[in-house]
Ligand code: SF4
Ligand code: SF4
Ligand code: SF4
Ligand code: SF4
């Protein structure tokens, strides 16, 4: 930690929050708000004279409220920066100085009530999101009595109680009577692995953290009676099983089952009823103290940051990586990386590993001092643009700006455009050219494919990352399927313009398949949502025009689903066989008329 | 950062083009099901195609050498390779284009292996017909491609690390020790995060700070 404070290349901004991010990979403009500390960070020597005179006493957050501090304080003894800080909301008075005792006490004169919040703007090439987690709030799960019984503690409170630097100097005492407990119970999975309250996921670290705590306790108090109530003990990491065994050997009792009810006895100890699910017996224990092994939940500011940076979250609320196996620390947005629990609950070793990986990924991006932008991006033909704003609305990367009010044409920020082609598919004025996948290029492919024997062919659109790769995988696995499909590759299913479909039908296609990555797996954040909406719209239109909607299919096929690709092809072939020549001829006429009417409008 | 509004010129207008088509056998991988010579023959009659031939292994050094020679001798300006998936060798052949002085985006790949020979093994005729279609589509597509250029933009060699817990500290130090400037932003008055509150940590059971 102190290395960070001293490092010449690190600018440390504490009490600070990112409030705005503009720009794109290579050059993000970041606005940071730094709250006033009221103590000069550089001058303060942490002598602590100010604390002695401050009359305001408050619970100390660092010790989970188990001790007190003053309105001017040091966050904790090893803090970096070491400078003290004033909590203005608690301080008696700086306006005009009502109290100001600390100002007098400070010899170096580093306390300054006129400090104000600062706004700092920094330009950076990459961003690492390492915002960590919040512990689960056990108040919600009150059957464990956290709000009612003094001797029920959270794992973090317990940590401070056994910490040599904590309020008791590492002496374990019960909060109620400051007596040393003879027995202690740990309840696992508090706020984790529950569909009822808290979260469904496993928080990954609480099992090992409890095992560690039992070892610490046994080392200090060999005769203490410890019971651990659990669902499963997950000791999967290197060396973990060993610690678990050591804990059992030292006499810690592990009991499979979570307590059903907890009551407080007159002396403040706790009576626990628990069904031991390995024996099926209902057991009762009375223990001096209980510790709730808190799970992790996404940090409070996660959603705000997600919106600011245009990132995605998992259904659990943690940040979503670009690919779970191949790009585990990259965000889908180029230039942004994840480290630590912001991405998912993990222990220290995994966090450090991921942090180093994120640094390496950022270095890989930045080391040459320049970035090359992919030329497969979209461009606006200004004179065709109607400034309707649709493209800006659908772009998953916020790469397009349009001033709808002033009617200025859309502008694509090439560096931010990832090339999904959704904007080009959505623009109703033909004002967007998607390079390398232009309307003309794709239409030409459709026309040539259907110029002969159209009725035998299955016009298929497949996105580069999932469905096309899925078709490749069918090949690699030698899975055989009907030979009628002709695939047109686009980068994203979002590129598939409604007009491509009409064009296909106009050229006599009996059936059309649009395929892409599963919802949530899109390589362009969520561009496939627009595909889905568009197909829905076309389906409705088909119905109105009297064309069987089933002749247009939308399928999500992942890169690993070769078998599924083949299966979809067989299904498409069945539908194709159900389409008669008369039907396709009818469709050609209908669509031609519809397009003509549409063009006249 | 550069923003583009382009004057839309005659990018899509047909010009006289000189296309080379190579139908790869991939040993027997493609040729035992698809009639490669027939495909090449049909392709030779397509608009703009100057050279069209079968080739043993397009991606091998001799294969690439042959294509490079043809480009030079016949002044080819666009290439269609009918071979394996573009997901495999598109980068290889783009590199070949570059080394022959052509724009790498004037290349199109028809996927005859993963999409024809390997998935229609028992239907050689249908597989060949499909291969012909795919090559035709590629030839007409390559005719309409236009050169694209990668842009290089300056980048700020500095990182923003949001959060000063273990993860943020480790990332910041790794970056800074590698010579990159770092701005480390922490909400609280001190860095350290939750880790600073822990006494001993598993698996080593030592102090966390
Ligand atoms: S001025 Fe505020 S911080 Fe300083 S001694 Fe008085 S109450 Fe404490
Ligand atoms: S969708 Fe098309 S017309 Fe509308 S603002 Fe975008 S480019 Fe212009
Ligand atoms: S191609 Fe996709 S990423 Fe690029 S501007 Fe259009 S919608 Fe945005
Ligand atoms: S280019 Fe592809 S298909 Fe041709 S030899 Fe190489 S791997 Fe085989």
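For the reader, a short list of remarks on this structure follows.
- With contacts taken as Cα pairs under 8 Å at a separation of at least 6 residues, the stretch A:440-600 carries a relative contact order of 32 percent.
- Counting Cβ atoms of other protein chains within 10 Å of each Cβ in A:459-465 and taking the mean gives 1.
- Taking one quarter of the surface of the C-alpha convex hull of the stretch A:363-476 gives a mean projected area of 10.6 nm².
- Average Cα contact separation per residue, chain A, under 8 Å, 6 or more apart, as relative contact order %: 10
- Tail weight of P(r) past 14 Å, computed on alpha-carbon pairs of the stretch A:539-597, percent: 64
- Equivalent ellipsoid semi-axes - Cα gyration tensor, the stretch A:474-601, angstrom: 26, 19, 11
- Taking 0.36 nm per residue of separation and subtracting the current Cα-Cα distance, fully stretching the chain between residue A:544 and residue A:313 would add 79.4 nm.
- Rounded to 5, the percent of DSSP beta bridges in the stretch A:126-370 classed as antiparallel: 45
- Compactness of chain B is given as radius of gyration and Dmax, 26.7, 78 Å, from Cα positions.
- Label-zone membership for the stretch A:399-427, site residue A:383, 7 angstrom Cα→C-beta point, backbone N under 19 Å: A:408-412
- Going by neighbour counts of Cβ atoms within 10 Å, the residues A:556, A:502 line up, fewest first, as A:502, A:556.
- Our estimate of slack between residue A:45 and residue A:567, defined as 0.36 nm per intervening residue step minus the Cα-Cα distance, is 180.8 nm.
- Nearest-ten-degree value, helix B:124-144 long axis tilted from longest Cα axis of chain B: 70
- Stretch gain in nm, segment residue A:273-residue A:123, where the contour uses 0.36 nm per residue and the Cα spacing is subtracted: 48.2 nm
- Ranked by the mean number of other Cβ atoms within 10 Å of their residues, highest first, the peptides A:235-241, A:161-167 come out as A:161-167, A:235-241.
- Prolate/oblate/rounded label for the stretch A:126-370 (Cα gyration tensor, a/c 1.5): prolate
- R0 of 30 Å, Cβ-Cβ distance residue A:19-residue A:429: FRET efficiency to nearest 0.05: 0.25
- Shielding score for B:120-131, defined as the mean number of other chain Cβ atoms within 10 Å: 3
- Shielding by partners - mean other protein chain Cβ count within 10 Å, residues of A:435-447: 4
- Principal-axis analysis of the Cα atoms of chain B puts helix B:86-99 at an angle of about 80° to the longest axis.
- Between residue A:323 and residue A:238, the distance separating the two model label sites (each 7 Å from Cα on the Cα→Cβ line) works out to 2.5 nm.
- Per-residue ellipticity at 222 nm computed for the protein assembly as shown from its helices equals -9000 deg cm²/dmol, with DSSP H segments shorter than 4 residues left out and the rest contributing -39,500 (n - 2.57).
- DSSP bridge orientation in chain A - percent antiparallel, rounded to nearest 5: 55
- Value of Rg/Rh across the stretch A:460-546 [Cα atoms, Kirkwood radius]: 0.99
- The stretch A:115-252: Rg to Rh, with Rh as the Kirkwood radius over Cα pairs: 1.06
- The tail of the calculated P(r) for chain A beyond 35 Å holds 57 percent of all Cα-Cα pairs.
Computed from the coordinates by the stated procedures, all read-outs in this text should not be read as laboratory data. Because the structure is a prediction, the values reported are computed rather than measured. In this analysis, Cβ positions are derived from the backbone assuming ideal geometry, glycine residues included, and neighbour counts consider all displayed protein chains.
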